[in-house]
Amino acid sequence: MTEPPATLRLASPAGRGVMLATTLASGMAFLDATVVNVALPHLGRELHASTAGLQWTVDGYLLTLAAFVLLGGALGDRYGRRRVFVIGVVWFTVASVLSGLAGGVELLIAARVLQGVGAALLTPGSLSVLRASFHPDDRGRAIGVWSGLSGVSTAVGPFLGGWLIDALSWRWIFFLNLPLGALVLLAALRWVPESRDPATERPPFDLAGALLGALGLGGVAYALIEAPARGPGSASVLAAVAFGVAATALFVAVERRRGSAAMLPPELFAVRLFGVLNLYTVAIYAALGGQLFFLSVQLQTVAHYSALQTGLATLPITILLAAGSPAAGALAARIGPRLLLVAGPLVGGLGVLLLRGVGPNAPYWTDVLPGVSLFGLGMMMVVAPLTTAVLGAVDDRFSGVASGFNNAAARAGGLLAVAALPLLVGLSGSAYQMPGAFTAAFRAAMLWCAGLMLAGAALAALFVRKGPSSAQPG
């Protein structure tokens, strides 16, 4: 039994409708992964949140997104890609409204956790719908349009979010998803065709693997976030560490026992380069997540930028990524990814070090723009070549799961950075509202982020081969 051939053409009304649904949906998920950083000081003051509350507001979303994104793709393949995509859109939209209505930081965190589950359903669903719907002659162009428009939504997110926060309230960065979600839902029900994997013999879902992965990440994140307030040696923190380690060990055991039916087939990690590249991903995206978390608060609490100005301040990062990534990807395909994977973190790390100079009433053009521009240039050199290297490290039959796991590793890197850095720099309680205390923590955090970038460069220099092909045996 084979899946019916995809016949949708990009220039047709139905093709444009599918593009509208998929790009707008993924744009919502990408936007909510970045725009919340701009809102942190505002929601912290209104909800009387501690530093830990702000950390969980970011990490609650990243935790469930990272843990369930592979499962979300598998659900669509089996039960219908449009069906699971629509469920994800509805789930994400409802959770967004709950986030906007939250009367306390605990309720906001719970809603953000639910929002991450919705994002894990719709994010892989949007791309799989494109692959399954469009005629092969139009598929590459459709994916290119999806990537470009998703990048635009990510770029517009902090700007739009900052304007909404200043003009109305931080709650509107979540309420905005209600009309967007309704538009996606109408377009999906009207134009997106249903498709699924027609295989009749499929192994059971690796739900145990997904849950254990989430519990492992959650236990470690809880210990890191709560340690400053409760004490590193407190019973609850030590129990969380033990729980996280045990869940991670069980995850490894379950995946090995399931073999090729696992969410993460063990054969992938027989390829040393694949493991190294995912460690590289964790390091680089930890630097990105930590830098954005601290810089957004520093600009508003210490430099006295408005939310809109803060959103605009980091715009060069996204513009450089969107404009330069295709060229970086083409260069990596021609000369191999190694040079870019080494040079990118070095350039980005220099940008992070420059940002340490951001202080009270810092002028944007001299104190902020050079650092964010260099950091954006470094990330531009990394993102597309990293994807090339990851896919080149494994057999073609593993390309989907390898790409999905690398995406999850990027989310996990950001999660761990936001969880660990406040502990490492001594930030806790309401210190994020005190300019002097936060500046000291910010400058120390930027050193850690620069160190993560340097660690990434070292991994690439040591383990990624020169030349157009980066694949190597395990």
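The values are calculated or read from the model by the stated rules, or taken from the named source; none is laboratory data. Since we're looking at a predicted model, the values are computed, not measured. Here the Cβ positions follow ideal geometry from the backbone for every residue, glycine too, while neighbour counts run over all protein chains shown.
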- Selection within segment 294-319 - among the small types (Gly, Ala, Ser), assigned to a helix (DSSP H, G or I) and out of contact with any Phe, Trp or Tyr (no Cβ under 9 Å at 6 or more places or on another chain): Ser296
- Message: Suppose we keep only residues that are of a type in the set (Val, Ile, Thr) and buried (at least 20 other Cβ atoms within 10 Å of the Cβ) within segment 388-417. Which one would you say is modelled with the highest pLDDT?
- Response: Val390
- Any chance segment 326-338 includes a residue that's among the β-branched types (Val, Ile, Thr) and surrounded by fewer than 21 Cβ atoms within 10 Å (Cβ to Cβ)? yes
- Going through segment 265-281 one residue at a time, which ones are surrounded by fewer than 22 Cβ atoms within 10 Å (Cβ to Cβ) and among the aliphatic types (A, V, I, L, M)? Leu268, Ala270, Val271, Leu273, Val276, Leu279
- Among residues of segment 331-371, those that are closer than 25 Å to Ala384 by Cα, assigned to a helix (DSSP H, G or I) and of a type outside the set (A, V, I, L, M, F, W, C), counted: 9
- Is it true that Ala322 is in a helix (DSSP H, G or I) and among the small types (Gly, Ala, Ser)? yes
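Conditions tested, residue by residue: (1) small (Gly, Ala, Ser); (2) not in a helix (DSSP H, G or I).
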| residue | (1), (2) |
| --- | --- |
| Gly376 | yes, no |
| Val382 | no, no |
| Pro385 | no, no |
| Leu391 | no, no |
| Val394 | no, yes |
| Gly404 | yes, no |
| Asn407 | no, no |
| Ala410 | yes, no |
| Gly414 | yes, no |
- Message: For segment 344-385: of the residues being among the small types (Gly, Ala, Ser) and without any contact (Cβ under 8 Å) to a residue 40 or more places away in the chain, which is nearest to Cys449 (Cα to Cα)?
- Response: Gly351
- Note on the structure: How many residues of segment 11-23 are more than 14 Å from Leu189 (Cα to Cα) and hydrophobic (A, V, I, L, M, F, W, C)? The answer is 1
- Task: Please tell me if Leu101 is in contact (Cβ under 8 Å) with a residue 24 or more places away in the chain, buried (at least 20 other Cβ atoms within 10 Å of the Cβ) and not assigned by TED's automatic domain parsing to the domain that holds Gly429.
- Result: no
- Note on the structure: Per the filter on segment 69-126, residues touching a Ser or Thr at 6+ places or on another chain (Cβ under 7 Å) and of a type in the set (S, T, N, Q) are Gln115, Thr123, Ser126
